[in-house]
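Peer 1: Below is one structure. I have some questions about it.
The values are calculated or read from the model by the stated rules, or taken from the named source; none is laboratory data. Quick caveat, the model's predicted, so the values are computed rather than measured. Methodologically, a virtual Cβ is constructed for each residue, glycine included, from the backbone with ideal geometry; neighbour enumeration extends over all protein chains shown.
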Amino acid sequence: MKLEPQLAITMELGRSSDPNISLQSRRHSYLQEIRSLAVDSAGGWSPSSSSRSARSSSYYSSSKSSSSRHRYAPYSISSSRRLARLEDKGPRDIARRMVRDGFMGKLIGEFGRAPRPALERWFSELDVGWVLRSALEKEKSELALDKLYDLAVQRWTRGFTVMAEALSATQRHLQEEGRSTAQVDRDDDLRLLSGLMNVRSCISHASEIIMLSLKKETLWLPDSDEMLQGLLNKTSNIFSTAKDNLGQAIQRMANDAEAVTPVLSGMHSWETFPQSAEIHKATHLIMGYARLFWGHIDELNSILGQCWPHRILKCDIIEQMISNLIDHLEKKSESFSDPILRYLFLLNNSYFIQDQYIAITGYSLPSDSKIGIKYCDYQNCYLNVSWDTVLSCLHIKMTTLWFSKPSQLARFKSEFQRTCRHQKLWKVPNPELRRSLRKAIIDKVITGPTGYRTYLEAHPEQEKCGSNQQDMEDMVNELFEG
């Protein structure tokens, strides 16, 4: 007969119940406090040591003789066996300190990088680490079964009660933190949502591992159908309730992020909206949401998919959020006094969004997407509003008789230099966009079919009055450095 499940717990219980156990040094450790929690007995009695020993011997004997018929031999314990329970205050105090010390926050962060080690650390701290481990040896235990049973139930009761309180306290902490920072800056909401996502993801993965392990380990314990099944059900309900509550909070915040307006309302830089060509904080914030949504797409699918079963959530929610952001940026930028600066602002932000989308998802936005079309429109508008005035100096005929043709070149040169000086300190942070804009300006104003070079080719007699083409291109290539 194989005794792996029994031996795994027995050896782990025997090792970790040693008061002199050597633990890994940590800044915060709660193991000894959890072990010191008193487990009360309700309505029952404890068998004597002699009867436990006798039943233990009977169990091993019958197990050997009946292994061909039963995995484990019958083991009778009175229905009035004591039930383990804890007073609320002790576990709750430990759980709150776990949150206050930052232990839960760091644990959730570790879970995102390495789920299994994080769970092992958490379960070890809760004194229930054995449920994640398989049998290490194949030998008989010297502990009596009912003593082992009592110890396992007590540790389950202590560990999972503290776990439930810690999850609940973490959830409350995140919600309270969100309310207390609601008037500060909206990136706090992003951190709050990220925390909620991580907690729910941690609970989802942990519940699968825990419930499977607990069910396997309780197979060999007596009266599992009565007493321990209640513990399993309670643990399952804890996970289910926590996931549901977190899911509702995440759904509300995800809907707000998709709509954009609730996320940006009250944001200082959004209310004042400084007139600058640089990428707005709101754009950084919304793309932060996009990165968060993509990183937790499975969680979002399970939460939002219940409301929108036919929706392709992987990209749809992100694309809709981006589309709403562009509309908001357009409307807000109408306050710019300089239309040239406005279109450069929209170019910077729309290019940044597309670039970040590729970095986040690994995909390009569809060519017919709203932001792709808008980006092309912004570039054309920028070139027309900014540089058509310069080109008009070459092609608009003046009505005054005294205005000579050489003066057209002089006026073009003056307007070209003025425009370059005006835009030289405007910043385009992305080097690819800088190169693209400079090339577009040179093509339009200098080398294009209506540009300076074409004009001189049509009027060679004026070349001596013109400017050096390379000098002009050098001036353009100095634009947008900030």
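Peer 1: If I ask for residues that are modelled with pLDDT of 80 or more and charged (D, E, K, R), which ones from the stretch 300-345 would you list?
Peer 2: 316, 319, 327, 330, 331, 332, 334, 338, 342
Peer 1: Within the stretch 382-396, does at least one residue satisfy the condition of being of a type in the set (Gly, Ala, Ser), in the same structural domain as residue 322 (by TED's automatic domain parsing) and at pLDDT 90 or above?
Peer 2: Of the stretch 382-396, the ones of a type in the set (Gly, Ala, Ser) are 386, 392.
Remaining after also requiring in the same structural domain as residue 322 (by TED's automatic domain parsing): 386, 392.
Right, trim to at pLDDT 90 or above and you get 386, 392.
Yes.
Peer 1: Return yes when residue 201 is modelled with pLDDT of 70 or more, touching a helix residue (DSSP H, G or I) at 6+ places or on another chain (Cβ under 7 Å) and either crowded, with 20+ Cβ neighbours inside 10 Å or over 30 Å from residue 351 (Cβ atoms) (or both) and no when it is not.
Peer 2: Working: modelled with pLDDT of 70 or more: yes; touching a helix residue (DSSP H, G or I) at 6+ places or on another chain (Cβ under 7 Å): yes; either crowded, with 20+ Cβ neighbours inside 10 Å or over 30 Å from residue 351 (Cβ atoms) (or both): yes.
Spelling it out, residue 201 is indeed modelled with pLDDT of 70 or more, touching a helix residue (DSSP H, G or I) at 6+ places or on another chain (Cβ under 7 Å) and either crowded, with 20+ Cβ neighbours inside 10 Å or over 30 Å from residue 351 (Cβ atoms) (or both).
Peer 1: How do the pairs read when you match residues in the stretch 434-449 that are farther than 19 Å from residue 467 by Cα with residues anywhere that are part of a helix (DSSP H, G or I) and at pLDDT below 95, using Cβ under 6 Å and keeping only pairs 6 or more apart or on different chains?
Peer 2: Listed by first residue and then by second, the contacts come to nothing, as the list is empty.
Peer 1: Being more than 22 Å from residue 382 (Cβ to Cβ) and not charged (D, E, K, R) is the filter here, so list the residues in the stretch 456-482 that pass it. Explain how you work it out, then say what you get.
Peer 2: Start the filter on the stretch 456-482 by keeping residues that are more than 22 Å from residue 382 (Cβ to Cβ), which leaves 456-471.
456, 458, 459, 460, 462, 465, 466, 467, 468, 469, 470, listed by residue number.
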